[in-house]
1. Those residues that are open to solvent by 20 Å² or more (accessible area, probe 1.4 Å), within 12 Å of the ligand (Cβ to nearest atom) and part of a helix (DSSP H, G or I), I need them from the range 109-138; list them, please.
2. Being away from the ligand (no atom under 14 Å from the Cβ) and of a type in the set (Ser, Thr, Tyr) is the filter here, so list the residues in the range 176-199 that pass it.
3. Search the range 139-171 for residues being in contact with a strand residue (DSSP E or B) (Cβ under 7 Å, 6 or more places away or on another chain) and without any contact (Cβ under 8 Å) to a residue 40 or more places away in the chain, and hand back the single one that is surrounded by the most Cβ atoms within 10 Å (Cβ to Cβ).
4. Which is modelled with pLDDT of 95 or more, within 16 Å of the ligand (Cβ to nearest atom) and of a type in the set (Val, Ile, Thr), of THR231, THR159?
5. Helices (runs of 4 or more DSSP H) wholly in the range 4-75 with at least 3 residues that are within 24 Å of LEU364 (Cα to Cα) - which ones?
6. What pairs come out if I take residues in the range 92-110 that are among the aromatic types (Phe, Trp, Tyr) and pair them with residues that are away from the ligand (no atom under 12 Å from the Cβ) and outside any helix (DSSP H, G or I) whose C-beta lies under 9 Å away, six or more apart or interchain?
7. Within the range 172-192, how many residues are touching a residue at least 60 places away in the same chain (Cβ under 8 Å) and either at negative phi or open to solvent by 10 Å² or more (accessible area, probe 1.4 Å) (or both)?
8. Of all residues being touching a strand residue (DSSP E or B) at 6+ places or on another chain (Cβ under 9 Å) and under 12 Å from LEU183 (Cβ atoms) in the range 200-218, which is farthest from the ligand (Cβ to nearest atom)? Just the residue, please.
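The values are calculated or read from the model by the stated rules, or taken from the named source; none is laboratory data. Owing to the predicted nature of the structure, the values given are computational and were not obtained by experimental measurement. Cβ sites come from the backbone with ideal geometry, for glycine too, and all protein chains shown count toward neighbours. Heavy atoms of the whole protein, side chains included, go into the accessibility calculation; ligands, DNA and RNA do not. Shrake-Rupley method; radii C 1.70, N 1.55, O 1.52, S 1.80 Å.
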Amino acid sequence: MDFDKIIDRRGTHCAKWDMMSDLYNVPGDDGLAMWVADMDFAVPDVVTNKMREMADHGVYGYVNCDSPYKDAIRWWMKNRHGWDVEADAIFTTTGLVNGVGMCLDTFTQPGDGIVLFTPVYHAFAKVIRNAGREVVECQLVQNDGRYEMDFEAYDAQMTGSEKMVILCSPHNPGGRVWTQEELRAVADFAKRHDLMLLSDEIHHDLVYGDAKHIPMQNAAPDITDRLLMLTAPSKTFNFAGMHTGQVIIPDPDLRAQFSRRMMALALSPNSPGQWATACAYSPEGATWVDELVAYLDGNRQMFDAAVNAIPGLRSTELQATYLAWVDFSGTGMSREEFTARVEQGAKIAANHGTTFGTGGENFLRFNLGTQRSRIEEACNRLREAFSDLQ
Ligand SMILES: Cc1ncc(COP(=O)(O)O)c(C=O)c1O
């Protein structure tokens, strides 16, 4: 796979490139789109070939590809993550934000508190609030730039109105791969406060170096009676537009409740998304992912070296994800000033840290899922935009 090959996504109704001038006031022609989490790479051939075959066939009627789809998911989870998944445990949602919404809808009531470890992926809070539930922010603490949890503080915060905790594992932003001990502590916290535990593991394949992702069901097999696992091939293989994610529910009673809700809303998956998943979760897909992770690791190292050489800026060391989380607090600048330097000075569209909740105020999130030459260009532009600090 040639990850260096530039693919121009401008003018394709692409959210990342075609919306950046409206959203960030970064010029569409020479701006760099480093915000929303998709990559500028083509999917593996094994997926494109299947899409071509479907398009050429020309008949897009109802399908039943449940077996190849679920077999592939089970194969992937077992082979890549050592996780045994039952076919009946797998539900398909319109992506994972929809999966979160469906879980809130099925397992909580309006007014219930939903615990988030902030800063965290912004769509969680958006869905929770729009569903009439309350966001309960438990702030992560930073030790030497590494995010950790403080359960003593979180225990003191609980009021009894909380019904669910959502864990992002690996964590977006901040790139933590939670250890066995940390996952165990989250599971114990859920038990202590009688919370459902939703573990969003969408970034589980994009892990660097020695870090090892552990699926929550493996880390805490005793809490399956309150566990909802969320996975998707979309970040790993770059087909978020297919809107296909999985809610995996090990417990038969919880499964029955979820199934009824899915049927009440008449939700069923679309065929391209199912086929793309079935093809991606394969030996060919696995080879592609191994090459991708090595490439992203190179991007991460180049970006971190350049950013950390600028006085006052600090790029969080990622164990996972292609989402660099950069702390600007050392510059002493206001949020408006460092953001303007990145957007108007460097002409880079990056996510605003404030949208990730408490603790994100002094950060911007940069998407590194792009060609190396663009990372190099971003580094040069940032160096220039903050040149007076050097
Ligand atoms: C933790 C997490 N969950 C879910 C999503 C989005 O999932 P989907 O596109 O399947 O709705 C993202 C996207 O960045 C994410 O980071």
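1. The answer is HIS122, LYS126, VAL127.
2. Hit for the range 176-199 is THR179, nothing else.
3. That would be TYR154.
4. THR231
5. Working: elements: 15-18, 20-24, 45-57.
Fully inside the range 4-75 and qualifying: 15-18, 20-24.
6. Taking only residues 6 or more apart or on different chains, the pairs are PHE107/LYS163; PHE107/MET164; PHE107/MET196; PHE107/LEU228.
7. So the answer is 4.
8. Once the filter is applied, the top-ranked residue is GLN217.
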